[in-house]
Amino acid sequence: MAMPRKPVEIRDVDLEATLDLRTRVLRSHIPTVAASSPEDHLPQTWHLGAFRDGRLVGVISGFPQEQGARPGAPAERFRFMAVELAEQGRGAGRALLAEVTARARHRGTRLLWANARDSALDFYRRLGFEVVGEGFSDSVSGLPHHVVVLEL
């Protein structure tokens, strides 16, 4: 009989806690380029971690930013969502986005959005996100992306 999956705990973390996992997962093909941005240091930026058995297995960061397709809507952009490869498909990413969504609603945010890798679009669609606009190549990673949005 399979062992039951241990739950994921979502909690606030500082920027430093996110950097190693972000870089290993999101920049594995260009490891000399850190997965960080100037927005990481804004006072309104938040960082969350997903923990299983006390071990950090996933991260996500975000900040208030309008989305061009929905001007004027109170919006938050999330970035650098990264889950350990061995943990992908085990609920950490879903739990992170559930917490992000709940907190955003509480803050009065009406729209969540991100530039998502095309390889993750099915994941976002399953969580109710809509893919909008034309695809593009990310200027840092070179990988194909689309904008995904979730109306709250």
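Values in this text are rule-based calculations from the coordinates and carry no lab data. The shown structure was predicted, so the numbers you read here are calculated from the model rather than taken from an experiment. Quick reminder, even Gly has a Cβ in these numbers, built from the backbone with ideal geometry, and neighbours come from all protein chains shown.
Where (i) 0.95; (ii) 1.15; (iii) 1.02 are the candidate values, the label of the one calculated here for Rg/Rh (Cα atoms, Kirkwood Rh) is (i). Annotation: extensible slack from H41 through R125 equals 27.3 nm (criterion: 0.36 nm per residue apart, minus Cα-Cα distance). In percent, rounded to a whole number, the relative contact order of segment 9-151 is 19, using alpha-carbon pairs under 8 Å and six or more apart. From helices alone, the chain scores -6500 deg cm²/dmol at 222 nm; the rule is -39500 (n - 2.57) for each run of n ≥ 4 DSSP H residues, then divide by the residue total. Between L143 and D12, the distance separating the two model label sites (each 7 Å from Cα on the Cα→Cβ line) works out to 2.9 nm.
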